[in-house]
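Only the coordinates and a few stated rules stand behind these numbers; no lab work does. Given the structure is predicted, the values throughout are model-derived calculations rather than measurements. We place every Cβ from the backbone using ideal geometry, glycine too, and count neighbours over all the protein chains shown.
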Amino acid sequence: MGREFKRRQFLQIAGAGAFMFVAPGVPGWAAGAPAGPELVSPGCRGSNVKVARLYLGVPHAHWPEPTMDLDAEVKRYEAEFAKREKAFADVEFAPSVLVTSREQAQALAPQLADVDGVLAMHLSMGVRGMVEDVLAAGKPTFLYAAPYSGHEWTTFGKLRTEPQGAKFECILTSDFDELAAAVRPFRAIHHLREAKILNVTSRELSGEFLSAVADKFGTQIVRVDRERVLAAYEAVPEADAAAEARRWIRHAVKVVEPARDEIERSCRLALAFERLMDEDKATVITVDCYGSMYRQLPAFPCIGFTRLNDMGLAGICESDLASAMTFILMQSMSGRPGFISDPTVDESKESIILAHCLGSTKMDGPDGKACPYKLRTIMERQEGAVPQVKMEKGRRATQAILVGTDRIQYFTGEIIDAPDTERGCRTKIEVKVDGDIETLWHNWSHGLHRVTCYGDMSRDLERFCRYTGIALVDEASKEGGAVTT
């Protein structure tokens, strides 16, 4: 199931290089697989993220020092961007200019109209008015203010509380890696706007929800009927399905229950999903697998979903559109797929066990190392074929869910175990929660499913929510309440 992105298009957040699904200890197990879709970055087929890169400085300002050459300072920053070229591979910086007066800042307004966000660098004292002029464009704006750049930082905290600063973020740091972090929420805004979700179901979709999602984020959700899936399935050559099944079987730690025919049908459906998504230029597909599509398709979608997640696309269980939206959001900022799960709590360990039969093997993203897996049946149905994935202990993790279009609930923690027990769903991780486990389960609402990604994404979520006017709630915090709106 190997896939390769164009080098310039591949978003490097978790790692660098070619897009190959590599089983542990078996380099390039997918050799010979057909070429897949070209992606701008994991989760995006369309266009580059567009960011205005502005260098704000005043000639002969007292700080950092009156003789500073602003053009040389810009070149110093550009060298730092170049060092991190792979982190910006999907970013178009336009405009990218040195701004030395309020008049210049005000004249930029037309060029800022269609950007996803503004990344500004504070070069010298005297830029506060320019910052206000940039904010007047109404775009999400991130200001990087290094030590010695000026005294304006003493006013930025208050500016964030004022209406003109509603979409303003700032960091006071000498860590140039924060430049890459700054664009992650812009990337999420861009990906959500370009995303298209296919929902395989016979149920009518809620027009109110579809409109709310489209109005808030620009995301398009389209219903796909059974007949179209079956046609795509029949169009996949049996030989291709057999070859795909051989790859999954050959590199599994063990095939426990599923028969070869079950695996081959699952792989043929997996290839049909990719065909459907290519036809519609979609990045996400979900199936009403426990509802209107239960036993209505030639196989369960689990292997197909894992395959898509590993490729940098998304396969979402049970027509869960809230999880689909959350998956897009988290994948766009991390470069990694999410793990959708049902929870069970162990207060004695201050932990929550996140379980689902389907697990993605490339939890570090398309170019990351693959986790080992077994091929199993779906536990609660005792049928189908699903990869039971052994995820990595010791990793930081973030779990979140988008509620409607105006609230995100989340918590963070550390993966302390990847249980292999016959209880619960096949794939499991146990997460020791940051905060209070009792508070977490007392606050739990809006269903079972959540989306978990490797890494602490709390800062990224805070910035995204600030830019989009969404409330962010840490469910495990005793203080509770919204972090931002």
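When only DSSP loop residues count, what GluC sites (Glu not before Pro) in region 363-392 have their Cβ near at most 12 other Cβ atoms within 10 Å?
Filter output for region 363-392: 380.
Hey, with R₀ at 56 Å, roughly what FRET efficiency would residue 416 and residue 103 work out to, going by the Cβ-Cβ distance, to 0.05? Intermediate values should be presented prior to the final figure.
Values: r = 57 Å, r/R0 = 1.01.
Efficiency at R0 = 56 Å is approximately 0.50.
Beyond a 30 Å Cα-Cα separation, which of these cross-linked pairs lie in this structure: 369/432; 216/390; 349/374; 158/349; 83/390?
Exceeds cut-off: 216/390; 158/349; 83/390.
For residue 172, project a label point 7 Å along Cα to C-beta. Then give me every residue of region 120-159 with its amide nitrogen under 13 Å of that point.
Inside the label zone: 145-159.
Compute the distance from the alpha-carbon center of region 409-485 to that of region 62-107, in whole Å.
37
Calculate the FRET efficiency for residue 423 and residue 155 from the Cβ-Cβ distance with a Förster distance of 41 Å, rounded to the nearest 0.05.
The value I calculate is 0.15.
Please work out how much length the chain gains when fully extended from residue 459 to residue 82, using 0.36 nm per residue of separation minus the C-alpha to C-alpha distance, in nm with one decimal.
Here the answer is 133.3 nm.
Just need the relative contact order of the chain here, percent rounded to a whole number, with Cα pairs under 8 Å and 6+ apart.
Dividing the mean separation by the residue count of the chain yields 14 percent.
Please name whichever of 442, 231, 214 sits farthest to the positive end of the charge dipole of region 195-474, dipole taken about the Cα centre and charges placed at Cβ: Lys and Arg +1, Asp and Glu -1.
About the Cα centre, the residue reaching furthest to the positive side is 231.
For region 49-190, compute Rh as the Kirkwood radius over C-alpha pairs and then the Stokes-Einstein diffusion coefficient at 10 °C and 1.306 mPa s; write the answer in µm²/s, rounded to an integer.
Answer, rounded: 106 µm²/s.
Given R₀ = 30 Å, what would the calculated FRET efficiency be for residue 279 paired with residue 443, taking r from the Cβ atoms and rounding to 0.05?
Computed FRET efficiency for residue 279 and residue 443: 0.10.
State the extension gain, in nm to one decimal, for the chain segment bounded by residue 111 and residue 296, taking 0.36 nm per residue of separation less the distance between their alpha-carbons.
61.5 nm
Given Cα positions, please report Rg to Rh for region 71-121, the hydrodynamic radius being the Kirkwood one.
Working: Rg = 12.2 Å, Rh = 12.4 Å.
We get a ratio of 0.99 for region 71-121.
In vacuo Debye scattering of the chain, one point per C-alpha: log10 I(q)/I(0) at q = 0.09, 0.12 Å⁻¹?
Relative scattering, expressed as log10 I(q)/I(0), comes to -0.62, -1.04.
Treating the beta-carbon of each Lys and Arg as +1 and of each Asp and Glu as -1, no other charges, what is the dipole magnitude of the chain about its Cα centre, to the nearest 20 debye?
The calculation lands at about 880 debye.
Under the Karplus relation 6.51 cos²θ - 1.76 cosθ + 1.60, θ = phi - 60°, what is the ordered set of whole-Hz ³J(HN,Hα) values for region 39-46, x standing for Gly and Pro?
Along region 39-46, the couplings run 10, 5, 6, x, x, 9, 9, x Hz.
Suppose every Lys and Arg Cβ carries +1 and every Asp and Glu Cβ carries -1, with no other charges. What dipole size does region 195-474 come out with about its Cα centre, to the nearest 20 debye?
In debye, rounded to 20, region 195-474 gives about 620.
Using every Cα-Cα pair within region 195-474, state what percent have a distance larger than 34 Å.
Details: 5934 of 39060 pairs.
Counting every Cα pair in region 195-474, those more than 34 Å apart make up 15 percent.
In percent, how large is the relative contact order of region 49-190, given Cα pairs closer than 8 Å and 6 or more residues apart?
30
Write down the radius of gyration of region 342-485 and its Dmax, each obtained from C-alpha positions, in Å.
Considering region 342-485 through its Cα atoms, Rg and Dmax are 15.6, 45 Å.
Any idea what angle helix 207-217 forms with the longest principal axis of the chain, computed on alpha-carbon atoms, 0 to 90 degrees, nearest 10?
Its long axis makes an angle of about 40 degrees.
Based on the mean of other beta carbon atoms within 10 Å per residue, what is the order of 37-44, 454-461, most packed first?
The most tightly packed comes first, giving 37-44, 454-461.
Given points 7 Å out from each Cα along the Cα-Cβ axis, report the residue 479 to residue 47 separation in nanometres with one decimal.
4.0
For the chain, what does -39500 (n - 2.57) per DSSP helix run (n ≥ 4), summed and divided by total residues, give at 222 nm, in deg cm²/dmol to the nearest 500? The partial results should precede the final answer.
Working: 14 runs with 156 residues, N = 485.
For the chain, the value works out to -10000 deg cm²/dmol.
Calculate the length of the line joining the C-alpha centroid of region 240-299 to that of region 310-367, in whole Å.
Each part's Cα centre sits 18 Å from the other's.
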